[in-house]
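The values are calculated or read from the model by the stated rules, or taken from the named source; none is laboratory data. Treat the numbers as computed from the prediction; the structure is a model and nothing was measured. Neighbour counts are summed over all protein chains in view; Cβ atoms, including those assigned to glycine, are modelled from backbone coordinates with ideal geometry. Quick note on the areas: whole protein, heavy atoms, side chains included, nothing else; ligands and nucleic acids left out. Shrake-Rupley method; radii C 1.70, N 1.55, O 1.52, S 1.80 Å.
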Amino acid sequence: MADGACEYDPKKEGGGEKETKQVAPPGLAPSEKDRLRKAMTKMSLENEVWLRDNKELHQLLKGFMDKVLREQPEDLQQFAVKYFVHGQTQAQS
């Protein structure tokens with residue numbers, strides 16, 4: 001993982017929860033690792049606040065997921081392009 005953010009291994013799933021481990025780029029000093037961890041935590045919190053303040057995104061994704069689950073398209077990527085580029089009423093395969 002080039003950016004050193006976070007690694008998810010689906011093989012290690014247990015109890016329905018994702019297991020993640022922090023991965024720092026090699027060669028960082030402990031103080032640099034601490035600064036990186038603090039910056040990542042700050043960014044994560046800022047993103048969470050932004051997502052809470054922008055409920056439109058939640059509604060947009062909910063509408064998309066509802067349509068995906070109803071239609072269960074074979075080519076999800078193409079379906080997503082049609083849905084988001086041409087509007088949800090034209091997304092039918």
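General remarks:
- Close pairs (6 angstrom Cβ cut-off, 6 or more residues apart or separate chains): under 13 Å from Leu61 (Cα atoms) in the stretch 72-87, hydroxyl-bearing (Ser, Thr, Tyr) and surrounded by 12 or more Cβ atoms within 10 Å (Cβ to Cβ) anywhere: none
- Residue tally, condition open to solvent by 100 Å² or more (accessible area, probe 1.4 Å) and of a type in the set (A, V, I, L, M, F, W, C), over the stretch 46-66: 1
- For first residues located in the stretch 53-69 and without any contact (Cβ under 8 Å) to a residue 24 or more places away in the chain and hydrophobic (A, V, I, L, M, F, W, C), partners that are open to solvent by 80 Å² or more (accessible area, probe 1.4 Å) and part of a helix (DSSP H, G or I) and lie 6+ apart or on another chain with Cβ distances below 8 Å form the pairs Leu57/Leu51; Val68/Leu76.
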